[in-house]
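Undergrad: Mind having a look at this structure? Questions to follow.
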Amino acid sequence: MNPRSLAEHRAEVTEGLSPLPSLDVLVADAAGATLVEAVVASHALPATDVSTCNGYAVQSADVADAGADHPVSLTVSHDVSFDARAPRRHIRGAAARISSGAPIPIGADAVIPVADTDGGVARVEVWSAVPAGENVRPAAEEAAAGAVMIEKGERLDARRIALAAALGKPRLTVSPVPRVVVISVGSELEEPGAGRPGSRVSESNAYMLSALVREAGANAYRVGVVPDDRAGLRATIEDQLVRADVVLTTGGLSDARNDTVAAVLRDMGDVHVGEVGLWPGKRHGFGLVSSGDGERPIPVIALPGSPVAALVAFEAYVRPALRVMSGRAEVERRTIHARAISSWSSPAGEVQPVPVTIETTGSGQHFATLVGKPGQMSLASIVASDALAWVDADVEEVRRGDSLRCTLWGE
């Protein structure tokens, strides 16, 4: 059977990871989720002119002659209250005691800091002049009524949560953060530092994939190493379905007698395991398994066991699908086109990502330099790279000067 193309496999995975139903949540519970409805300012922010310091609201003309050697004495008319429905009108020739963030009385145009006064209660001596607008934050400086302040499709981080709360939004409509269970399969695997006897392999895939899942904007739940045992693997997957929106496995996909993932997943649901035109790592799996409640089948993505192949597969089709599932507007990492500075051969019929470093000229042109050998990619070479350069399946020879599509790490 001919391998399916990467484009076909990516399309199937993306369709299977359809966006989760939107939820109306408290703003405190919205962190990490993706906004489904834009946040619009229902009123100006701030609603009125407000003070930026503790002091006295005045008309600047009343203190124009104030100085350390000749202070101006003003009657304190009132203490500005945060509870007032609207600012009081300012009395000419007087001062109003005011706290930072409080509304400026109507007619006042500046605030004298406490440090520039004697701090009086009934009367206050002012020791310096202030220009109009000093220590005053104008109404609507941050937001005008009706303005879109947070766009649909944006992830709600701490800054956006703070802005939504400042706008008086108690609840937000969001696409919830997908929950991804990550399972690494293989009897040869051990936890890092375990030091068990024999030729064991230190497990790294689930740690890597969990971090990639979080970077993509989803929640990751890493399960400990699961040996190549059909009954044990099935029981582990069934136990995890209750908290999973997606199950992500790595390893156990070959036709070897001890590899169990393909057989277990096929027994649990409609799952296809086969070759995909992506190098490295040919065998991949995807499908739906029963959650046990009879209502929602859970998508399962099975990745190769090689750490490099698992990482490449995640970048090629898992990450973008998770971003779509999360409702994110930006699906891909930041992409640039760079000129290859060397030539190499690429496997026919397979998409080949290669790690590269990027150099940018003063004129904005990008150039890509291979890290290591293109047919011998390693985690170390990926760590040393700035990006992955993607060579299309119909390209068998990359030539010096060819334009390469490069996805940048950390973008």
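Coordinate-derived values only; no laboratory data. The structure presented is a predicted model; accordingly, all values stated were derived computationally and were not measured. Backbone-built Cβ (ideal geometry, glycine too); neighbour counts: all protein chains shown.
Undergrad: Just to check I understand the Karplus step: with θ = phi - 60° and J = 6.51 cos²θ - 1.76 cosθ + 1.60, what whole-Hz values come out for segment 90-98, glycine and proline as x?
TA: For segment 90-98, the Karplus-derived couplings read 6, 9, 4, x, 10, 10, 10, 5, 9 Hz, x marking Gly and Pro.
Undergrad: Can you tell me the FRET efficiency between Asp79 and Asn2 if r is taken as the Cβ-Cβ distance and R0 is 60 Å, rounded to the nearest 0.05?
TA: The computed FRET efficiency comes out at 0.15.
Undergrad: May I pose another question? Give me His78, His337, His90 ranked fewest to most by other Cβ atoms within 10 Å of their Cβ, as a rough exposure proxy.
TA: In increasing order of surrounding Cβ atoms, one gets His337, His78, His90.
Undergrad: For each of Val201, Val213, count neighbouring Cβ atoms within 10 Å of the residue's Cβ, then give the residues from fewest to most.
TA: Val201, Val213
Undergrad: Follow-up. How big is D for the chain, in µm² s⁻¹ as a whole number, if Stokes-Einstein is applied with the Kirkwood radius of its Cα pairs at 37 °C and 0.692 mPa s?
TA: Taking Rh from Cα pairs, D becomes 127 µm²/s.
Undergrad: If amide H atoms are built 1.01 Å from N in the plane of the peptide, which residues on other chains or at least 5 residues away come under 5 Å of the amide H of Glu134?
TA: Result for Glu134 returns Val111.
Undergrad: Moving to a separate point now. Would you list which lysines come within 25 Å of Lys152, measuring only between C-alpha atoms, while excluding same-chain residues fewer than 8 positions from it?
TA: List returned: Lys169.
Undergrad: Starting from 0 in steps of 10 Å, tell me what percent of the Cα-Cα pairs of segment 50-137 lands in each bin.
TA: 21, 59, 18, 1
Undergrad: Shifting gears a bit: Decide, for segment 232-287, between rounded, prolate and oblate: order the square roots of the alpha carbon gyration tensor eigenvalues as a ≥ b ≥ c, take rounded if a/c falls under 1.5, and otherwise choose prolate if a/b is larger than b/c, else oblate.
TA: prolate
Undergrad: Kindly rank 113-123, 384-394 from highest to lowest mean number of other beta carbons found within 10 Å of each residue.
TA: So the order, starting with the most tightly packed, is 384-394, 113-123.
Undergrad: Work out from phi, with θ = phi - 60° and the Karplus expression 6.51 cos²θ - 1.76 cosθ + 1.60, the ³J(HN,Hα) of each residue of segment 51-60, listed in order in whole Hz, and give x for Gly and Pro.
TA: 7, 9, 7, 7, x, 9, 7, 9, 8, 4
Undergrad: Which GluC sites (Glu not before Pro) does segment 150-245 hold that lie in a coil by DSSP with at most 11 other beta carbons within 10 Å?
TA: Those that pass, being in a loop and sparsely packed, are Glu151.
Undergrad: Is the shape of segment 283-329 rounded, prolate or oblate, going by the alpha carbon gyration tensor and its root eigenvalues a ≥ b ≥ c, with a/c under 1.5 for rounded and a/b larger than b/c for prolate?
TA: Taking the square roots of the gyration eigenvalues as a ≥ b ≥ c, segment 283-329 is oblate.
Undergrad: If packing is taken as the mean number of other Cβ atoms within 10 Å per residue, what is the order of 283-291, 339-347, 135-143, 247-255, highest first?
TA: My ranking of the peptides, most packed first, is 247-255, 283-291, 135-143, 339-347.
Undergrad: Within 10 Å of each candidate Cβ there may be at most 14 other Cβ atoms; applying that plus a DSSP loop requirement, which GluC sites (Glu not before Pro) in segment 316-388 survive?
TA: Glu330, Glu332
Undergrad: In addition: Relative contact order, percent, of segment 50-137 when contacts are C-alpha pairs under 8 Å separated by at least 6 residues?
TA: 45 percent
Undergrad: Next up: For segment 264-307, what is one quarter of the convex hull surface built on the Cα atoms, given in nm²?
TA: 3.4 nm²
Undergrad: In addition: Determine the shape class of segment 33-92: with a ≥ b ≥ c the square roots of the Cα gyration tensor eigenvalues, call it rounded for a/c under 1.5, and otherwise prolate if a/b is greater than b/c, oblate otherwise.
TA: prolate
Undergrad: Using Cα centres only, tell me the gap between segment 123-147 and segment 290-346 in whole Å.
TA: 51 Å
Undergrad: Please arrange Ser42, Ser187, Ser210 by how many other C-beta atoms lie within 10 Å of their C-beta, fewest to most.
TA: Lowest count first: Ser42, Ser187, Ser210.
Undergrad: Something else: Under a cut-off of 21 Å between alpha-carbon atoms, report the lysines in cross-link reach of Lys282, not counting same-chain residues fewer than 8 places apart.
TA: Of all the lysines, those that pass the test against Lys282 - Cα under 21 Å, at least 8 places apart if same chain - are Lys373.
Undergrad: Find the eigenvalues of the gyration tensor of the Cα atoms of segment 335-408, then list the square roots of 5 times those eigenvalues as equivalent ellipsoid semi-axes, largest first, in whole angstrom.
TA: Three semi-axes, in Å: 18, 15, 10.
Undergrad: How many angstrom lie between the Cα centre of segment 203-243 and the Cα centre of segment 1-54?
TA: Measuring centre to centre over Cα atoms gives 25 Å.
Undergrad: Next question. Convert 37 °C to kelvin, take the viscosity as 0.692 mPa s, use the Kirkwood radius over C-alpha pairs of segment 72-222 as Rh, and evaluate the Stokes-Einstein diffusion coefficient in µm²/s, rounded to a whole number.
TA: Answer, rounded: 153 µm²/s.
Undergrad: Spelling out what I want: for every residue of segment 159-175, take phi, set θ = phi - 60°, compute 6.51 cos²θ - 1.76 cosθ + 1.60 (Karplus), and round to whole Hz; glycine and proline get x.
TA: 5, 6, 4, 4, 5, 4, 5, 5, 7, x, 8, x, 9, 9, 9, 9, 8
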